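Enquirer: The following block contains the structure, expressed as structure tokens.
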């Protein structure tokens with residue numbers, strides 16, 4: 001992909017492209033006539049330093065969308081995401097040993 005057209009606006013260009021893909025996904029749901037059967041939730045964003053008083057703070061510039069019928073479906077998807085999330089650093093050995101009476105200290 002040629003990013004020259006986004007020079008100085010790479011992050012904005014990225015978010016515009018994500019937005020285009022989100023619209024395509026939404027259109028696909030309608031094209032197949034499955035809107036009442038589909039549960040979806042997506043968030044894609046860029047974390048940037050906040051320009052506020054706190055230099056440690058950050059803000060999220062995001063594209064998001066969802067196709068949900070009620071709060072219960074939202075809770076189901078959030079639980080699914082939490083249950084299936086894998087920490088990129090792997091499990092903490094102390095957490096694995098917790099409750100077994102074994103200490104590595």
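Enquirer: What does the C-alpha gyration tensor say about the overall shape of region 3-88? Classify as rounded when a/c is under 1.5, otherwise prolate if a/b is larger than b/c, or oblate.
Expert: Because a/c hits 1.5 or more and a/b fails to exceed b/c, region 3-88 counts as oblate.
Enquirer: In nm, to one decimal, how far is the modelled label at residue 64 from the one at residue 81, with both set 7 Å along Cα→Cβ?
Expert: 0.8 nm
Enquirer: Using 1/(1 + (r/R0)^6) with R0 = 35 angstrom and r between the beta carbons of residue 22 and residue 50, what's the FRET efficiency to the nearest 0.05?
Expert: 0.90
Enquirer: What ranking do 46-59, 65-78 get when scored by the average of other Cβ atoms within 10 Å per residue, highest first?
Expert: 65-78, 46-59
Throughout, read-outs are computed from the coordinates displayed, never taken from laboratory work. Please read all numbers here as calculations on a predicted model, not as lab measurements. Methodologically, a virtual Cβ is constructed for each residue, glycine included, from the backbone with ideal geometry; neighbour enumeration extends over all protein chains shown.
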